[in-house]
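Inspection log for the structure reproduced underneath, given as structure tokens.
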Amino acid sequence: MKTFLLFLLLISFNANSTHAEDAKFTIEEDTLYYDTEKKDLERGYVSYSDIHSFRKFLSENPNISRVNLNSSGGSAGAGLEIFRVLSDFNVDTVVSNECSSACINIFLAGNVRWLHLGALLGFHRPDWDAVSMQEYFNNFKEEEKWSDTFEFSNWIQKDTILITSKIFKNYADAGVNVSFTVDTLKIDNDDMWYPSRQELTSAGVVSLIPIAANKPQLRPMNLGLSSPELKLSMIE
């Protein structure tokens, strides 16, 4: 219940920035491009405001059959909710550059999941950093009647189990091998695992399609692997 209330709070908080966050999206023919790596974005990561944007663009453009993703990650909770939204629209997902961390949940919503040659999928477990955790405790301790950090820790334990169960369900619904799912949660949040194409197809993460159809797009690409990795948080 608390997780749901937190979700509603973040949706309300981000409503005013929705138009600014629409800059992450562009439409070309039947493809919706989602790019959190663009310069000068208000939130250059997967955020709760993106949930509304995905729903809006897909609802207003029924010709869209494919979503092309480029993101190094962001909010785990937002990624899980975007998975639910995309699943309703029966679209394919494509990665021609990189899709990592919270972006993986979005990618797995694809009916057919394409990974272009040279593109990357990165995995690690979600994280709630200490600073955000302390801010959340201070902001909600009276409302939630947490008398001390021990009661807060008990709530965190329950919420962590809830988030983990959602991850397992999404991976299972996408047909991903359970042992692969377990392996992704073993990777520390400070690290990133980039499985090979063979590992990804064998685990059911990437659709097995003819190589001839898997051509890189004629678009400028910048992997940006040297840029500092975004420290993820369940709380934005």
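Derivation of every value follows stated rules applied to the coordinates shown; laboratory data play no part. From a predicted model like this one, the values you see are computed outputs, not experimental measurements. Cβ atoms come from the backbone with ideal geometry, glycine included; neighbour counts cover every protein chain shown.
Summary of computed values
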{"quantity": "Pairwise centroid distance, computed over Cα atoms, of segment 141-208 with segment 59-75, Å", "calculated": "22"}
{"quantity": "Mean separation of Cα contacts under 8 Å, 6 or more apart, over the residue count of segment 2-213: relative contact order %", "calculated": "15"}
{"quantity": "Which of Ser75, Tyr45, Leu58, positive extreme of dipole for segment 14-85 (C-beta unit charges)", "calculated": "Ser75"}
{"quantity": "Coil-residue trypsin sites (Lys or Arg not before Pro) of segment 119-162, DSSP, other Cβ within 10 Å capped at 15", "calculated": "Lys145"}
{"quantity": "Karplus 3J(HN,Hα) series, Hz, for segment 82-90 with 6.51 cos²θ - 1.76 cosθ + 1.60 (x for Gly, Pro)", "calculated": "5, 3, 5, 5, 5, 4, 6, 9, 6"}
{"quantity": "Full-extension gain in nm, His52 to Lys158, via 0.36 nm per residue minus C-alpha separation", "calculated": "35.5 nm"}
{"quantity": "Under 23 Å between alpha carbons - lysine pairs in segment 2-213 that sit 8 or more apart or on different chains", "calculated": "17"}
{"quantity": "Positive-end residue, segment 86-165 charge dipole about Cα centroid, Cβ charges, pick of Ile163, Phe150, Asn138", "calculated": "Ile163"}
{"quantity": "Radius ratio Rg over Rh of segment 2-213, counting only Cα atoms, Kirkwood formula for Rh", "calculated": "0.98"}
